[in-house]
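Working notes for the structure below.
The values are calculated or read from the model by the stated rules, or taken from the named source; none is laboratory data. Nothing here was measured: the structure is a model prediction, and the numbers come from that model. For neighbour counting, all protein chains shown are included, and Cβ atoms are generated from backbone atoms with ideal geometry for every residue, glycine included. Areas reflect the complete protein model, heavy atoms only, side chains present, ligands, DNA and RNA absent. Shrake-Rupley method; radii C 1.70, N 1.55, O 1.52, S 1.80 Å.
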Amino acid sequence: KKAKSQGKRYLFFDRNMSESVAQNLGLENRLRRALANEEFLLHYQPKVDLVTGVISGMEALIRWQSPDEGLIPPLQFIPLLEETGLILDVGHWVLERAAADLRSWQEQGVEVPGIAVNVSALQLRQADFVRQVKGAIQQGGSRLTLDLELTESMVMSDVEDSLVKLRELRELGLGVAIDDFGTGYSSLSYIARLPIDVIKIDRSFIVKMIEHPDDMMIVSTIITMAHNMRLKVVAEGVDSTDQVDILHGMGCDEMQGYLFSKPVPALEMLGLLRRGARFER
Ligand code: C2E
Ligand code: MG
Ligand code: MG
Ligand code: MG
């Protein structure tokens, strides 16, 4: 009897599994088509200097304009892109697209403070990753620079390989940020030795900061520590003026969040730059 009920459970589980496999296969095929049909696009979210209020940079964030389902956010498809290795092609496309937007804005006479692109672990581990980046920033004769956002766990998964590549990238003039800082198992001694420029404090700390003294303390410690290492600090997910006041008081350099602007389509980003949009405290 026992065996039978276990068997049933197994069948039930198995059916769900094959359904999800089928769903993922469908999604995988649609993602392949999405790349071929140019259904991906980049939105841009400005970063703001906490002292002057001017736009000090921006982050490129991928979206999928699906013909069936509309605009799909990255957390719904990046994991499958990573599982299937499609992230390599899509990630390459993101680099090229961001560089092309930057080039086109500059050609229109707009001063662009810099674009940061998110990179996946698989992408960084590619033997020719630096060459891909170089290709993107050198296209069309003129030379640009981009910034890259990596997570601690990506870098730590192969420190030697990361160190070599990060040095080469910085020699090309790229800035490197550690994204979602505080969520991984940070080893401060490693961070101190990495050739990086910026630490982005994860939104989860910024959200809880006002109500939880522990998080407030963590944020202020990260800022102090980063400054001692001569790194710039960006606070992610700032959505209230109280947070701005606190971060400003702590000497945080920049902020990014819905309070100033959600991620917006390229044309809107261009508009923000053109009219010199500023954050007024
Ligand atoms: P991330 O790199 O940490 O990007 C920040 C995310 O926080 C973005 O979500 C942004 O829209 C969101 N955000 C910013 N300010 C606020 C705020 O005030 N409130 C709230 N609730 N959210 C805020 P998004 O665009 O959905 O991207 C999610 C994640 O997907 C990114 O996290 C990044 O890890 C990944 N991602 C996005 N684009 C790419 C890409 O081109 N390549 C790779 N490999 N990953 C990407
Ligand atoms: Mg990021
Ligand atoms: Mg982040
Ligand atoms: Mg984050």
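Do you know which of the residues in the range 189-210 that are under 16 Å from LEU150 (Cα atoms) and among the aliphatic types (A, V, I, L, M) is surrounded by the fewest Cβ atoms within 10 Å (Cβ to Cβ)? Among those residues, the one meeting the criterion is ALA192. When restricted to residues that are of a type in the set (Val, Ile, Thr) and assigned to a helix (DSSP H, G or I), the range 29-83 contains 1.
Restricting the range 219-237 to residues that are out of contact with any helix residue (DSSP H, G or I) (no Cβ under 6 Å at 6 or more places or on another chain) and part of a loop (DSSP other than H, G, I, E, B) leaves a set whose member that is most open to solvent (accessible area, probe 1.4 Å) is ARG230. For GLY182, the conditions (1) at pLDDT 95 or above; (2) within 16 Å of ligand 4 (Cβ to nearest atom); (3) open to solvent by less than 40 Å² (accessible area, probe 1.4 Å) all hold with the exception of (1). Counting residues in the range 105-126 that are of a type in the set (Gly, Ala, Ser), under 22 Å from GLU83 (Cβ atoms) and in contact (Cβ under 8 Å) with a residue 24 or more places away in the chain gives one or more. Among the residues in the range 211-218, are any open to solvent by 10 Å² or more (accessible area, probe 1.4 Å) and either part of a loop (DSSP other than H, G, I, E, B) or within 30 Å of ASP101 (Cα to Cα) (or both)? Among the residues of the range 211-218, at least one is open to solvent by 10 Å² or more (accessible area, probe 1.4 Å) and either part of a loop (DSSP other than H, G, I, E, B) or within 30 Å of ASP101 (Cα to Cα) (or both), which makes the answer yes. Just one of the listed residues (GLN106, GLN45, GLN123) is surrounded by 13 or more Cβ atoms within 10 Å (Cβ to Cβ), among the polar types (S, T, N, Q) and in contact with a helix residue (DSSP H, G or I) (Cβ under 7 Å, 6 or more places away or on another chain), and it is GLN123. Does the range 238-260 contain at least one residue that is in a strand (DSSP E or B) and over 30 Å from GLY109 (Cβ atoms)? No, every residue in the range 238-260 fails to be in a strand (DSSP E or B) and over 30 Å from GLY109 (Cβ atoms). Scanning the range 79-102 for residues that are within 23 Å of LEU146 (Cβ to Cβ), surrounded by fewer than 18 Cβ atoms within 10 Å (Cβ to Cβ) and among the hydrophobic types (A, V, I, L, M, F, W, C) returns TRP93, ALA100.
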